[in-house]
Amino acid sequence: MRRPLAPVTSRDTLAPVFRDVRAVVFDTDGVITDSARVHAAAWKTAFDAHLRAHPPRDPRLRRPFDVRDDYLRHVDGKSRLDGAAAFLRARGLDTPEETVRAVAADKERLFTERLRAHGVDAYPGTVRLVRTLRRAGIPRAAASASRHAGELLARAGVLDLFDVLVDGGEAARLGLPGKPRPDLFLEAARRLGVPAPRAAVVEDALAGVEAGRRGGFALVIGVDRTGVPDTRQRLLRHGADIVVCDLGELVVRGEPK
């Protein structure tokens, strides 16, 4: 059952970090929707099956895929092919194109099955922030390497909160390189009509905050939902200006009238 979306009071205001921001670009998985857990579970099933069929020579590299550390380190925020290749390389495995494509296709099948069966929710704190931005007249974009981004946002009931969507299909059509290159975010800001030095990026992936920093965005906000002790510091080292556990922290709550 979908969680109810967060109400916004007429007195809610934006935190001071947004004072000079004229547009905000949001990653989707793990930032707007809780679909990161579905992606991580699908990757685990696909990678663990490949590791069993093709065990690395080094026994220490045969451990199962970790849905927190391995996901954040190797696949979060990247295209399926880039993520599959990065994890396989990290385990000392050969990464010919046909192998990478096979593992990525297996993950895609698993993810689609789970998405259609269970759906996803939007994070209430994110919804509160996006609605407060909208009321303040600040344009908002959703940007994702996933081709499912539009479907995910629609299923979560939040697609209409964003002025622009640049998803994996658009990135492929335009030939945009994946994160940590900033091209996806720069395209989203361009469509909003705001240059990167006047815009913010919101990301939960290491590759994503690095992309925001490389793109010259005025503010890079990291979101840490992992519970891994050092994730906040890793996000900061990769380019985040600030890190929050929930985006609702960036709304100054007002009392309902």
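What's the extension gain from residue 15 to residue 190 if we count 0.36 nm per residue and subtract their Cα-Cα distance?
So the extension gain works out to 60.6 nm.
Tell me, what % of the accessible area of region 136-257 is carbon and sulfur with a 1.4 angstrom probe?
In region 136-257, the share of accessible area belonging to carbon and sulfur is 51 percent.
With the contact rule set at Cα under 8 Å and sequence spacing of 6 or more, what percent relative contact order holds for the chain?
28 percent
Taking 0.36 nm per residue of separation and subtracting the Cα-Cα distance, what length does fully extending residue 147 through residue 116 add?
The span from residue 147 to residue 116 would gain 9.7 nm if fully extended.
Based on the inverse mean of 1/r over its pairs of different Cα atoms, what is the Kirkwood hydrodynamic radius of the chain, in Å?
Kirkwood hydrodynamic radius for the chain: 18.6 Å.
Given a 1.4 angstrom probe, what's the average accessible area per residue across region 1-145, in square angstrom?
Normalised by residue count, the accessible surface of region 1-145 is 47 Å².
In a solvent-free Debye calculation with one equal scatterer on each Cα, what is log10 I(q)/I(0) for region 34-129 at q = 0.11, 0.19, 0.23 Å⁻¹, listed in the order of the q values?
Evaluating at q = 0.11, 0.19, 0.23 Å⁻¹ gives log10 I(q)/I(0) of -0.33, -0.86, -1.19.
From the alpha carbon gyration tensor of region 114-257, can you work out the equivalent ellipsoid semi-axes (sqrt of 5 times each eigenvalue) and give them in Å, largest to smallest?
Value: 21, 20, 17 Å, ordered largest first.
Find how many whole Å separate the alpha carbon centroid of region 202-257 from the alpha carbon centroid of region 108-126.
For region 108-126 versus region 202-257, the Cα centre distance is 22 Å.
If you build a Gaussian network model of the chain, linking Cα atoms that sit under 10 Å apart, which residue out of 206, 61, 129 swings the most?
The residue with the greatest mean-square fluctuation here is 61.
Residue-wise, which Karplus ³J(HN,Hα) couplings in Hz belong to region 239-250, taking 6.51 cos²θ - 1.76 cosθ + 1.60, θ = phi - 60°, and x for glycine or proline?
Along region 239-250, the couplings run x, 5, 7, 9, 10, 10, 7, 8, 5, x, 5, 9 Hz.
Rounded if a/c is under 1.5, else prolate if a/b is larger than b/c, else oblate: which is region 68-111, with a ≥ b ≥ c the root eigenvalues of its Cα gyration tensor?
oblate
Take residue 173 and residue 253, extend 7 Å from each Cα along the Cα→Cβ direction, and tell me the distance between the two endpoints in nm.
So the label points at residue 173 and residue 253 sit 4.2 nm apart.
Step through the residues of region 45-59 one at a time and calculate ³J(HN,Hα) from phi using the Karplus curve (6.51 cos²θ - 1.76 cosθ + 1.60, θ = phi - 60°), rounding each to whole Hz and writing x for Gly and Pro.
So the Karplus estimates, Gly and Pro as x, are 4, 5, 5, 5, 5, 5, 5, 5, 6, 9, x, x, 5, 7, x Hz.
Alpha carbon centre of region 135-170 versus region 81-95: separation in Å?
Here the answer is 29 Å between Cα centres.
Between 136, 240, 149, which gets the highest mean-square fluctuation from a Gaussian network model of the chain, Cα cutoff 10 Å?
In the Gaussian network model the winner is 136.
For the chain, how many pairs of lysine residues have a Cα-Cα distance under 25 Å, where the two are 8 or more positions apart or belong to different chains?
6
If you build a Gaussian network model of the chain, linking Cα atoms that sit under 10 Å apart, which residue out of 32, 242, 221 swings the most?
242
Give the accessible surface of region 192-249 per residue, rounded to a whole number of Å², with probe radius 1.4 Å and ligands, DNA and RNA excluded.
Counting only protein heavy atoms, the per-residue value for region 192-249 is 38 Å².
For region 200-257, count all C-alpha to C-alpha pairs, find those more than 12 Å apart, and express that count as a whole percent of the total.
The answer is 62 percent, as a whole percent.
Mind giving me the nanometre distance, one decimal, between the label points for residue 181 and residue 237, set 7 Å out from Cα along Cα→Cβ?
2.6 nm
The values are calculated or read from the model by the stated rules, or taken from the named source; none is laboratory data. Because the structure is predicted, anything quoted here is derived from the model rather than measured. Cβ coordinates were reconstructed from backbone atoms using ideal geometry, including for glycine residues, and neighbour counts include every protein chain displayed. Each accessible area value is taken on the protein alone, full model and side chains, heavy atoms only, with ligands, DNA and RNA left out. Shrake-Rupley method; radii C 1.70, N 1.55, O 1.52, S 1.80 Å.
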